[in-house]
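*Asks:* Quick one: this structure, given as structure tokens, is what I'll be asking you about.
Computed from the coordinates by the stated procedures, all read-outs in this text should not be read as laboratory data. Please read these numbers as outputs of a predicted model, since none were measured by experiment. Cβ placement follows ideal geometry from the backbone for every residue including glycine, while neighbour counts extend to all protein chains displayed.
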Amino acid sequence: MNVEKMESLDDPRLAPYRGLSNSRKYRTSGLLIAESRFLVERLLSSTLAVESILVDDLSKTPDLPAGREATPIYCLPRDQLQELVGFNFHRGVMACGRRPVLSDLQQIAWPDSERLTLIIAAQVVDPENLGSLIRASSAFGADALLIDDRCGDPYSRRALRVSTGHAFKIPIVETSNLLDQLNVARSLDFQLIATVLDESATPLKKETVRHRRTALLFGNEGFGLEADLVAMADRRVTIPMSRGSDSLNVSMAAGVFLYHYGYML
């Protein structure tokens, strides 16, 4: 095990952990930070590259799975670690990993399956909502996510915490041209289904047959899907609600849609 007690906060090897409250820098850096033993272990068990692990006590060193034995582990006393990261961090262990670089659906190694499900998110800006959406997508069997660059950061500390590390388990494609990627999805034989709040749309319970490759589109927390995205869809589907309710949290809605289409013939 490659463990080293750090002598200085200025050590360049600690640079990825410095000033974690400035989360914006990580989206363009190619790095991510996993906090807590649980998330670190999920990162270590994934296929993502892990740059290093940082602990505030050697007793908190996580077990390294096969193939990860050479991962550098740095130890820094808690008071110094908190000074380094810039907030009161008390979980004792974090790790720096490399983000996957996926910007096109054609980069995905799709499972060899007759049925594929793709989740598409447009302008889901809140990192907790995005983290919940990732968790629901992974848990209910989606094969990949496609998000636009107006969404929150799927690998931010908050999103990773809420996703419980499921962002390490499912391919996430980030694009600056969502309309172009919808055309790519269509070329891959995905049927595009816009999830909308519209009484004229098809009620979900009337959807009894699904296309073998189904893509579900979800929009912004406040205003839903923009008109150009809805126009691109093959179908519009809605969840009827009671007591005057006009919307569901995006991750809750995704869970309902995924469960329904997951068990459809």
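*Asks:* The chain: longest stretch without exposed GluC sites (Glu not before Pro) (DSSP loop, at most 11 other Cβ within 10 Å), sites themselves excluded?
*Replies:* After excluding every exposed loop site, the longest remaining stretch is 115-198.
*Asks:* Using alpha-carbon pairs under 8 Å, 6+ residues apart, how would you state the relative contact order of segment 78-237 in percent?
*Replies:* Worked out over segment 78-237, it gives 26 percent.
*Asks:* How far, in nm, would the chain grow between ASP10 and SER242 when pulled straight, counting 0.36 nm per residue and subtracting the alpha carbon separation?
*Replies:* So the extension gain works out to 77.8 nm.
*Asks:* Here is a follow-up. Going from the alpha-carbon gyration tensor of segment 140-180, what semi-axes, largest first and in whole Å, does one get by taking the root of 5 times each eigenvalue?
*Replies:* Gyration-tensor ellipsoid for segment 140-180: 19, 14, 6 Å.
*Asks:* Return the distance in nm (one decimal) between the two label points of a simple spin-label model at GLN106 and MET252, each offset 7 Å from Cα along Cα→Cβ.
*Replies:* Each label point is offset 7 Å from its Cα along the Cβ direction, giving 4.0 nm.
*Asks:* Under a crude label model (7 Å from the Cα following the beta-carbon direction), how far is GLU51 from GLU207 in nanometres?
*Replies:* 3.9 nm
*Asks:* Across bins of 10 angstrom width beginning at 0, how are the C-alpha pair distances of segment 141-232 distributed, in whole percent?
*Replies:* All Cα pairs, binned at 10 Å, distribute as 13, 43, 35, 8 percent.
*Asks:* How about LYS5: which lysines have a C-alpha closer than 19 Å to its C-alpha, ignoring those fewer than 8 places off in the same chain?
*Replies:* Correct list for LYS5: LYS60.
*Asks:* Have a look at the DSSP beta bridges in the chain and tell me what percent are antiparallel, nearest 5.
*Replies:* 30 percent
*Asks:* Let me ask something else about it. So how tilted is helix 127-139 from the main axis of the chain? Cα-based, degrees 0 to 90, rounded to 10.
*Replies:* Computed tilt is about 70 degrees.
*Asks:* Oh, and also: Excluding same-chain residues fewer than 8 positions from LYS169, which aspartates and glutamates have a Cα within less than 13 Å of its Cα?
*Replies:* Output for LYS169: GLU41, ASP143.
*Asks:* For a quick check, take a GNM of the chain with Cα springs below 10 Å and name the residue from SER52, SER187, SER113 with the largest mean-square fluctuation.
*Replies:* SER113
*Asks:* Semi-axes of the equivalent ellipsoid of segment 105-262: what are they in whole Å, largest first, if each equals the square root of 5 times a C-alpha gyration tensor eigenvalue?
*Replies:* Over the Cα atoms of segment 105-262, the semi-axes work out to 21, 19, 15 Å.
*Asks:* Could I ask something else about it? For the modelled label position 7 Å from the Cα of ASN2 along Cα-to-Cβ, which residues of segment 8-50 have backbone nitrogen atoms closer than 17 Å?
*Replies:* Taking a point 7 Å out along Cα→Cβ of ASN2, the residues of segment 8-50 whose backbone N falls under 17 Å are 12-17, 44-45, 48-50.
*Asks:* Now for a different question. Rounded, prolate or oblate: which one fits segment 3-98, using the alpha carbon gyration tensor with axes a ≥ b ≥ c (rounded when a/c is under 1.5, else prolate when a/b beats b/c, else oblate)?
*Replies:* Oblate.
*Asks:* Let me ask something additional. How large is the direction-averaged shadow of the alpha-carbon convex hull of segment 12-63, in nm²?
*Replies:* Result: 4.2 nm².
*Asks:* For the chain, what are Rg and Dmax over the alpha carbons, in angstrom?
*Replies:* 20.4, 65
*Asks:* Taking segment 215-265, which trypsin sites (Lys or Arg not before Pro) meet the DSSP loop condition and have no more than 11 other C-beta atoms within 10 Å?
*Replies:* Filter output for segment 215-265: ARG243.
*Asks:* Follow-up question, since we're still on this one. What residues from segment 36-56 fall in the zone where the backbone N is under 12 Å from a label point 7 Å along the Cα-to-C-beta line of GLN80?
*Replies:* Correct set: 55-56.
*Asks:* So how tilted is helix 178-187 from the main axis of the chain? Cα-based, degrees 0 to 90, rounded to 10.
*Replies:* 70 degrees
*Asks:* Build a GNM of the chain with springs between Cα atoms under 10 Å: which of GLY131, GLY222, GLY97 gets the top mean-square fluctuation?
*Replies:* Comparing GLY131, GLY222, GLY97 in a Gaussian network model of the chain, the most mobile one is GLY222.
*Asks:* Given the C-alpha centroids of segment 128-159 and segment 249-265, what is the distance between them in whole angstrom?
*Replies:* The two parts, judged by their Cα centres, are 15 Å apart.
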